[in-house]
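Taking it in order: structure first as structure tokens, then the write-up.
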Amino acid sequence: MAQEQRLELRLSQKLILTPQLQQSIKLLQLPLLELSQDINQELMSNPLLEEGVEREPGEKTEASDMAMAEETFQEPVDDIETPLERIFGFTTDSYFEERESDGRDLGYFSDGSEESPSYLERNRKKPDIYEHLLWQLRLSHLSEDIGKVAEVIINNLNDDGYLQASLEEIADMAETDPETVHKALTFVQELDPPGIGARTLQECLLLQLRPLNLKGTLVETILTECFAELEAKKYKQLSSKCKIPLEDVLAAIKIIEGLEPRPGRNFSSDDPVHIIPDVYVEELDGKFIITLNDEGIPKLRLSNYYKKLLANKKSLGAEEKQFLEEKLRSAIWLLKSLDQRNRTIYRVTESILKFQEDFFRKGPKYLKPLNLKDVAEDLGLHESTISRVTSNKYVQCPHGLLSFRYFFSNAVQSSSGDISSSTVKDIIRKIVSEENSKDPLNDKKIVEILKNKGISVARRTAAKYREELKIPSHIKRKKWF
């Protein structure tokens, strides 16, 4: 086939996202903690930005700073005698005098008034499972080769204390033979806490029998020969399989339930994660007040010092001038993007409040079906924008701390009209919480109770909602004693 070169003209549409637009989209979907980290990173990289302080009444705001800064691109100032007040609107005090007067401690000096933390305060961190096991390993009298492999095994445990790597992988990592790995694993599995170093739940429970003097008992028989029936709570089948009276089986099961399935969790050093609401919705005199949470978010403003430098352009070289102007544009865009983010979150919250006003006033039973498209049409925004705003964000309201996505749910038919699927889930949760634990309700009975309440759902739908609520099946919920 002959090859030839041709010149063609084609017309096509492409969506090109500028870096500034990408930053704006990114800021819109960030939760508070990540937003604070992103802003702090920008503070370190952009000299035109600095953390602001509370302004006095009548003092100019960040918006006025942005407007005045933009004028520097429209009205070049070459006259160094032009009053700075006319250009930027600040006084002639120097940058460092301003820093000194705003009451901030720059951290260069310390008067020694604050006491340093005590030794106990500095060392009150709870040891994790790895430190606890390595401490026991160092106190043991093992040969060097077995001790080395034991340390490799300890470093391959997860936070629950289970061994994640196979024995072959341990042998490759430690460059040793399988027999040495087996001896090292046996040693690790004899350490405290009991059950550590297991590869399966069954092995973990069996390892805990020796310290309790339960070797050779019915408990060991059940864990060894009838573990599948034990997991499914099929105790009658287990009784007939082992040819043991049901009363004896239940007594052994009670002992097994007292064993620790996750031996490493008592040594977890992870601090609890507290959810910080992005928005507060409070009722005051019959009206709802929406407040955006800005706690922990740095207050940004443009640096007066560098604005002075830009005003005196004759003192700058070409590269310095270009650098500062680029950073100024970036700073202005960031301030605008943050302002746009706050406005959008506020508007979306306001729209949700309008659609779900009955919920905010009366409670979860009055939650209405709602989707992202409804809010998008109400605000004249794209559906993807609403999705970004409501992703990983929370609202604190009179009925608790809730995810924004909680207010969006499908419609379920009822005798009184369509209701939210979230309301149906709450009803299922309440039904299960009030059931007889010795005779729990199966999905068919739950559907019948919902039907008596005027709610029509299929059994598969009820099972789906139950699984989304992380409620186990009726067989696993049954309590025998």
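Distances longer than 20 Å among the Cα atoms of segment 412-477: what percent of all pairs is that?
Considering segment 412-477, 19 percent of its Cα-Cα pairs are separated by more than 20 Å.
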In segment 129-267, taking the dipole from +1 charges on Lys and Arg beta carbons and -1 charges on Asp and Glu beta carbons about the Cα centre, the listed residue (VAL219, LEU206, ILE129) farthest towards the positive end is VAL219
Mean shadow area (nm²) of the C-alpha convex hull around segment 323-481 is 13.3 nm²
For 26-32, 193-199, ranked highest to lowest by mean beta-carbon neighbours within 10 Å, the order is 193-199, 26-32
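Evaluate the relative contact order of segment 129-267 (contact order divided by residue number), counting alpha-carbon pairs under 8 angstrom at least 6 apart; express in whole percent.
Relative CO of segment 129-267 lands at 23 percent.
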Taking a straight Cα-to-Cα line shorter than 30 Å from LYS241, and setting aside same-chain lysines fewer than 8 residues away, one finds LYS215, LYS233, LYS254, LYS438, LYS444, LYS476, LYS478, LYS479
Along principal axes, largest first, the alpha-carbon spread of segment 262-398 in whole Å comes out as 68, 52, 32
Here segment 32-47 yields Karplus 3J(HN,Hα) values (6.51, -1.76, 1.60; θ = phi - 60°; whole Hz; Gly and Pro given as x) of 4, 4, 5, 5, 4, 5, 5, 5, 4, 5, 5, 4, 6, 9, 10, x
The long-range amide H neighbours of GLY52, using H built 1.01 Å from N in the peptide plane and a cut-off of under 5 Å, are LYS299, LEU300, ARG301
Among trypsin sites (Lys or Arg not before Pro) in segment 280-341, those in a DSSP loop whose Cβ has at most 13 other Cβ atoms within 10 Å are LYS299
Fewest-first ordering of MET44, MET173 by Cβ atoms within 10 Å yields MET44, MET173
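Taking the Cα centre of segment 129-267 as origin, work out the dipole magnitude from +1 charges on Lys and Arg Cβ and -1 charges on Asp and Glu Cβ, in debye rounded to 20. Mind dumping the intermediate values first?
Numbers: 14 positive and 23 negative charges, 163 e Å.
So the magnitude is around 780 debye.
Which of ILE244, ILE446, ILE39, ILE475 has the fewest other C-beta atoms within 10 Å, and how do the rest follow up to the most? Can you show the working numbers first?
Details: ILE244 16, ILE446 24, ILE39 20, ILE475 11.
In order of increasing Cβ crowding within 10 Å: ILE475, ILE244, ILE39, ILE446.
In whole Å, what three semi-axes, largest first, describe the equivalent ellipsoid of segment 373-457 built from its Cα gyration tensor (square root of 5 times each eigenvalue)?
On the way: eigenvalues 201, 56, 20 Å².
One finds semi-axes of 32, 17, 10 Å for segment 373-457.
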Length-normalised contact order of segment 412-477, Cα under 8 Å, at least 6 apart, in percent, tallies to 38 percent
The distance between the Cα centres of segment 201-260 and segment 443-474, in whole Å, is 32 Å
The orientation-averaged projected area of the Cα convex hull of segment 129-267, in nm², is 8.8 nm²
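Where a number appears in this text, it was derived from the coordinates with a stated rule and is not lab data. Since the structure is predicted, the reported quantities are computational estimates derived from the model, not experimental observations. Glycine gets a Cβ as well: all are built from the backbone with ideal geometry, and neighbour counts include every protein chain shown.
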